[in-house]
Amino acid sequence: MNHDWHDLIQRYIAGTLPDDEALALQNALKSDPDLRALYLDYMNLDVALGSHAESRSAVNEILASPMAGEATRTTRWLSWRPLTAAAAGIVFGMFCTSVVFGFVAQRAGALKQVPLRVFDPGMEHAEAIMEHGVPDGVGRWGADSAKVVAAENGVQPVEGQRMMRLEPIPREKNVKNLASRVYQVLDLRSLPERGASSDAEVQITGSFCPTKSKVSSRYLIRAIALEEPPEQATTEFWSKMESDGVVSESQRFDALPGHPGWQTFSLKLRLPPESKTLVFIFGAVPPEDTSMQPFVHYLDDVRVSLLIPETALP
Amino acid sequence: MSQPPEYPPHDQFLRLYAEHEVALHTFVRSMLPTREEASEVMQEVIVILWQKFSRVDDFRPWAFGVARMAALRHLERRRRDRHVFDSELVHQLADESAAMSERHSDQREALESCLQKLPATQRELVLTAYTKGTRMDDLASRRGQTPMSLYKLLHRIRQALLECVRRTLAQEQTI
């Protein structure tokens, strides 16, 4: 077997193989059973290394945790899967696909959690301060298609009297993204607690509720940190996504059918020390099945926290 | 006479899913070009399995069938953007991957010792590269390398690991 196939297969796995070479690989795979076995062994290795890395991360988190009951002020929210998998030493959860079932567990940890001030996290006053799309600055919500409402459709706000109603964007509308999103911008320049830590993470949490609980719902949370201050960062915002000085993380969450009511999801983003602006986005994704009509979802109780290792604090 | 324990449906599902998750993930991965896409499709697969789970006895073939269809749907969408393997080859790879479950399970066990045989710096590097959220350009920058040289180093490490795994299994078969 030609030794270069190793390189070709790995570049295909990494997504860096040009189309003409991918076609050559395809033709060779069709006719060569040994090459197919090699390809499948590489795929198995790829999954297994991901599993090893994930379980190592989970074990490290547990080892970093102080004894239960200690430092109750230093808590963090974790998805249950990697934690339980590592604790039990079992395979389940190690090939974590980032599906989160809406179960979360709180535990003591070696991180200090510093709540950040979010504009109107309970949507009690946002109605008058809502822009279309990403807002130009801090202190307001932006939305594609949303409005603040009181209890309706049998859904009560998580807290207070109001919540954000995420209205579906009609499929007929010729837009690139049919997810109904809301946005907010935070100024990170004056965070007293951040100190000199290069390991700080920011955690974005929100609660979603669908109006139809018999089908699954998909939500997204995205966080974007930029080196520019808010007034510059929000100018031609979307064109900056691939730029140096911009880091982002996004995750989709599936709320399983048969679980009516609010479900809480979180996303974490490692925050480069030089970040000056954080933009966070919550969205409801329309059903993939185009025969299904998109439906209304609600968002409430938004929280943003800075997670700082205790060792990094003065 | 004591009856075998009757688990609630959710427990049954979790037990079966835990038993087959690794093989299912490898199966999906064999059909798709990138790890991220495999994770994305696995999300869809687990939701469908959860929604439609009703029987225990035929879980594995049913779950693999669901996974195959989900991966094919994903590839159809992906085909508009870039070259992906054609359906004939994808089915061929899926069939052979399903048939190689035991071999791949043995390889995953052998990987444990092969990772330990790697120099510590290489082991750390490859596991860091596979840690969720790691960006190759960031990792390369932290190491003072270009992304291309990092990719090449990772290729060499993966190749060494695969050769070690294959060699280990071949030796076990001759004992």
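The values are calculated or read from the model by the stated rules, or taken from the named source; none is laboratory data. Given the structure is predicted, the values throughout are model-derived calculations rather than measurements. Ideal geometry is used to build each Cβ from the backbone, glycine not excepted, and the neighbour counts take in all protein chains shown. With ligands, DNA and RNA removed, areas are computed over all heavy atoms of the protein, side chains included. Shrake-Rupley method; radii C 1.70, N 1.55, O 1.52, S 1.80 Å.
Observations on the model:
- Cβ-based net charge around B:ARG29, under 10 Å, with every Lys or Arg adding one and every Asp or Glu removing one: -1
- Cross-link reach list, aspartates and glutamates versus A:LYS240, counting only Cα pairs under 13 Å and skipping chain neighbours closer than eight places: A:GLU227, A:GLU228
- Residue-by-residue Karplus 3J(HN,Hα) for the stretch A:150-164, coefficients 6.51, -1.76, 1.60, Hz, glycine and proline x: 8, 3, 7, 6, x, 9, 9, x, 4, 8, x, 10, 9, 7, 8
- Couplings 3J(HN,Hα) of the stretch B:146-160, computed from phi: 7, x, 5, 5, 5, 4, 5, 5, 5, 4, 5, 5, 4, 5, 4 Hz, in residue order, whole Hz [Karplus 6.51 cos²θ - 1.76 cosθ + 1.60, θ = phi - 60°; x for Gly and Pro].
- Inter-probe distance in nm under a simple model that places probes 7 Å from Cα toward Cβ, at B:LEU72 and A:HIS125: 5.7 nm
- Relative to the dominant Cα principal axis of chain B, helix B:87-99 is inclined by about 80°.
- Packing-based ranking, highest mean first, of B:127-140, B:25-38, B:156-169 given that Cβ atoms within 10 Å are counted: B:25-38, B:156-169, B:127-140
- Filtered trypsin sites (Lys or Arg not before Pro), the stretch A:214-261: DSSP coil and at most 13 other beta carbons within 10 Å: A:LYS214
- Between B:GLU19 and B:GLU163, the simple label model (points 7 Å from Cα in the Cβ direction) yields a spacing of 3.9 nm.
- Burial ranking of peptide ranges A:35-45, B:64-74 (average Cβ count within 10 Å, highest at the top): A:35-45, B:64-74
- Result for chain B in a Gaussian network model with C-alpha springs under 10 Å: among B:HIS20, B:HIS83, B:HIS104, the largest mean-square fluctuation is at B:HIS83.
- Expressed as a whole percent, the accessible surface of the stretch B:9-99 that belongs to carbon and sulfur atoms is 52, based on a 1.4 Å probe.
- Here the peptides A:295-302, B:144-151 are ranked by packing, the mean other Cβ count within 10 Å, and the order with the highest first is A:295-302, B:144-151.
- Karplus-derived 3J(HN,Hα), 6.51/-1.76/1.60, for each residue of the stretch B:129-144, Hz, glycine and proline x: 4, 8, 6, 4, x, 6, 9, 4, 5, 5, 4, 4, 5, 4, 8, x
- If you take all other residues with their beta carbon under 10 Å from the beta carbon of A:ASP187, and give Lys and Arg +1 and Asp and Glu -1, the sum is +2.
- Of all accessible heavy-atom area on the stretch A:115-312, the percent that carbon and sulfur account for (1.4 Å): 47 percent
- Formal net charge of residues neighbouring B:LEU72 (Cβ-Cβ distance under 15 Å; K, R +1; D, E -1): -1
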